[in-house]
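The values are calculated or read from the model by the stated rules, or taken from the named source; none is laboratory data. Here the structure is a predicted model, which is why all the values come from computation and not from measurement. Cβ placement follows ideal geometry from the backbone for every residue including glycine, while neighbour counts extend to all protein chains displayed. In case anyone asks, the SASA skips ligands and DNA or RNA and just uses the protein heavy atoms, side chains included. Shrake-Rupley method; radii C 1.70, N 1.55, O 1.52, S 1.80 Å.
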Amino acid sequence: MQEYHAKLIALRDLAPEVRHFVFEVAGTGRVDFTPGQFVSVTERIGGRDVTRAYSIASPPDGKCIELCLNRVADGLVSPHLFDLRPGDSVRVSEPLGYFVPRRPLSDSVFIATGTGIAPIRSILHHVLRKGTGRRLTLLFGARYEARLLYRQEFEKLASEHPNFRFLPALSRPDEFWHGRTGHVQAHLDEVLGDSHDLDVYVCGLKAMVDDVRAELKRRGFDRKRIIYEKYD
């Protein structure tokens, strides 16, 4: 597997313990990948190489890749990445993975929780930038309003593209929240309707992904039209 050095050129906090990183990849004219893929980051920790996979949160665009990740308190790689400052470098693999848009693109529903939004952000920016007449819906779940990552971006995309809907839901809302509440599983009727002629992309923690997949199968969805990726 080919490996590159990637220099951190920008970062910003999205929520408590959640950060967005922009890396410029050295040694290549441009970074080619399919939206939705991931890279593996390898760090030397305690005298050995430790590797973790992170979904690319940006569409293909020159030499940069963007990542979105949580700081895992007892993790090995994420705390190190949170200590990086612009100018520092990490080792990254070539992009891999199969959580990518089906071809040809169909009407699609995207369901994400937490940092599972990262590969879906990559896909949506790419598809909407290219232009499509397909109907696209994003159902994004978080515990708290402050953890609706990239919220303003998705609201802007929805205002600019009549074929794109952004539906956030909170499982632990405060008294000021007037939107959807509960887990994403509670809103499948709204996003799916009676149609089976669409693709459903699901990304997030294992429990949510398994629940949504089971419900889609119960409703008679073709397995090929359920594209998913689980985060442990």
message = Any residue that is in contact (Cβ under 8 Å) with a residue 12 or more places away in the chain, among the acidic types (Asp, Glu), farther than 22 Å from residue 56 by Cα and in contact with a helix residue (DSSP H, G or I) (Cβ under 8 Å, 6 or more places away or on another chain) - is there at least one of those in region 169-176?
response = yes
ask   = Does any residue in region 196-207 that is closer than 14 Å to residue 124 by Cβ come within less than 6 Å, Cβ to Cβ, of a residue that is open to solvent by less than 10 Å² (accessible area, probe 1.4 Å) and assigned to a strand (DSSP E or B) six or more places away or on a different chain, and which pairs are these?
value = 199/108; 201/110; 203/112
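To keep it simple, each residue is scored yes or no on (1) in contact with a strand residue (DSSP E or B) (Cβ under 9 Å, 6 or more places away or on another chain); (2) part of a strand (DSSP E or B); (3) buried (at least 20 other Cβ atoms within 10 Å of the Cβ).
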{"residue": "128", "(1), (2), (3)": "yes, no, no"}
{"residue": "146", "(1), (2), (3)": "yes, no, no"}
{"residue": "152", "(1), (2), (3)": "no, no, no"}
{"residue": "166", "(1), (2), (3)": "yes, yes, yes"}
{"residue": "215", "(1), (2), (3)": "no, no, no"}
message = Considering only region 28-46, I want to know if a residue exists there that is open to solvent by 10 Å² or more (accessible area, probe 1.4 Å), among the aliphatic types (A, V, I, L, M), more than 30 Å from residue 135 (Cα to Cα) and outside any loop (DSSP other than H, G, I, E, B).
response = yes
ask   = Is region 89-97 home to any residue that is on the phi < 0 side of the Ramachandran plot, charged (D, E, K, R) and under 20 Å from the mean Cα position of the chain (by Cα)?
value = yes
inquiry  = Residues to consider are 198, 170; find the one that is under 21 Å from the mean Cα position of the chain (by Cα) and over 13 Å from residue 143 (Cβ atoms).
reply    = 198
inquiry  = Filter region 177-195 down to the residues that are surrounded by fewer than 15 Cβ atoms within 10 Å (Cβ to Cβ), of a type outside the set (Phe, Trp, Tyr) and touching a residue at least 12 places away in the same chain (Cβ under 8 Å) and list them by number.
reply    = 181, 182, 186, 190, 195
query = Quick check: anything in region 199-208 under 28 Å from residue 103 (Cβ atoms), open to solvent by 40 Å² or more (accessible area, probe 1.4 Å), of a type in the set (Lys, Arg) and part of a helix (DSSP H, G or I)?
reply = yes
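Let's see how each residue does on (1) free of Cβ contacts under 8 Å to residues at least 60 places away in the same chain; (2) aromatic (Phe, Trp, Tyr); (3) under 26 Å from residue 151 (Cβ atoms):
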| residue | (1), (2), (3) |
| --- | --- |
| 21 | no, yes, yes |
| 43 | yes, no, no |
| 76 | yes, no, no |
| 107 | no, no, yes |
| 127 | no, no, yes |
note = Apart from one, (1) assigned to a strand (DSSP E or B); (2) without any contact (Cβ under 8 Å) to a residue 60 or more places away in the chain all hold for residue 62; the odd one out is (1)
message = Being in contact (Cβ under 8 Å) with a residue 12 or more places away in the chain, closer than 24 Å to residue 23 by Cα, open to solvent by 20 Å² or more (accessible area, probe 1.4 Å) and basic (Lys, Arg) narrows it down to one residue among 102, 134, 85; which is it?
response = 85
task = Could you please find all residues in region 217-226 being under 17 Å from residue 139 (Cβ atoms) and open to solvent by 20 Å² or more (accessible area, probe 1.4 Å)?
result = 219, 225
